[in-house]
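Note sheet for the following structure.
Every number here is computed from the coordinates shown, using simple stated rules; none is lab data. Note that the structure is predicted; figures quoted are calculated from it, not measured. Glycine also receives a Cβ, built like all others from the backbone with ideal geometry; neighbour counts cover every protein chain displayed.
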Amino acid sequence: MYLTAVASLRAGHADDVFLLKRPGWVRDTLKQLDEAKRLSGGELFVARWMSGVVRAQVPGLFGERAAAMQDLVWCLAHADKAPNLGWMREVYFHLAALHRQRGEDAAARRYQTLSGFASETRPATFTTPFSEAPVAGHTFSSRLIREVVPGAVYLLSGFEFTEYYFVVSADRRELIAIDAGTRADAARAAHEALRARVPSLPPLTTVLVTHAHWDHVGGQRYFRSLSPSPRFIGRGNYKDELAHDAMANPAGLQLFFGKEFQLADVLSYKPDVTVDRPTELIIRGTRFELLPTRGGETDDACR
């Protein structure tokens, strides 16, 4: 990664290098990219991506177009290894340029369309997983489902502002959620995505609420709608936090959390079981230790 980062900085600086020294500068940069690929076994997406993107842009006299094509096609075949799907825009854009140079217009048009860029030139691109949309609000990543503990603990990101954790009990007969998310529609989307990914997923029976902020209880309406309805376990002083939540401007919250966010869903939260002292909870063989604490974001936290 270090060599890849250094090579990318060198590539961006090439136009500032004295013309007579520039060919050597470019060749040394390409050697660094090759070394980065060698050290990573040719399997590190970022190294292959940077090599392909840089090589696609060097003048033809360096003879790097075939190598650029090879790296970019590798990225195409291993898109699942990209940090996020936004990285693929540059892959498509430069594949379009390479095919255009070969006179392969149909392929060039196809990749140009996939890139999302309307022309053969483009503005500076920020490759980031963050996104803002009126409906979805702010998300920190593209949609991902990770098995934190294989077959037992799942992390879902990118469905909305917050992340979702689900735990399968030791006997695989119950599902436990950690918090309820921000919006009912997002909670539904996350839960259904996990069920599609893991068809054998058991029914959701318990929601452990770490604290009663908007992005931790706002999706409770969806979970309450399940049959049978899961039990919610949270701190006994949750009303104090809801009083703070109620002071927020609903319109402002919708700009951040999305149009479907409903403050009423937050304020209607009420745990079925309250925790006010360290408590051991065992659900079908899976042990949870609930530790009430004060400070940090809220005074109703339960770790």
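With the cut-off at under 14 Å, measuring from each backbone N in region 68-95 to a point 7 Å along the Cα-to-Cβ line of ASP34 picks out 68.
The Rg/Rh ratio for region 137-302 is 0.95, where Rg is the radius of gyration of the alpha carbons and Rh is the Kirkwood radius. Listed from fewest to most Cβ neighbours within 10 Å, the set MET247, MET88 follows the order MET247, MET88. Listed by Cβ neighbour count within 10 Å, with the fewest neighbours leading, TRP49, TRP87 appear as TRP87, TRP49. How many percent of DSSP beta bridges within region 137-302 run antiparallel, rounded to 5? Counting DSSP beta bridges with both partners in region 137-302, the antiparallel share is about 70 percent. Remark: region 78-200 is approximated by an ellipsoid whose semi-axes, taken from the C-alpha gyration tensor as √(5λ), come to 37, 17, 11 Å, largest first.
Using a 10 Å Cβ count of at most 11 others and DSSP loop calls, identify the longest part of the chain lacking such GluC sites (Glu not before Pro). Each step should come with its number before you reach the end.
Values: sites that count: GLU43, GLU120, GLU297.
In short, 121-296.
The lysine pair tally for the chain, using Cα distances under 28 Å and a gap of 8 or more places or different chains, is 7. Divide the volume of the convex hull around the Cα atoms of the chain by the residue count and you get 179 Å³ per residue.
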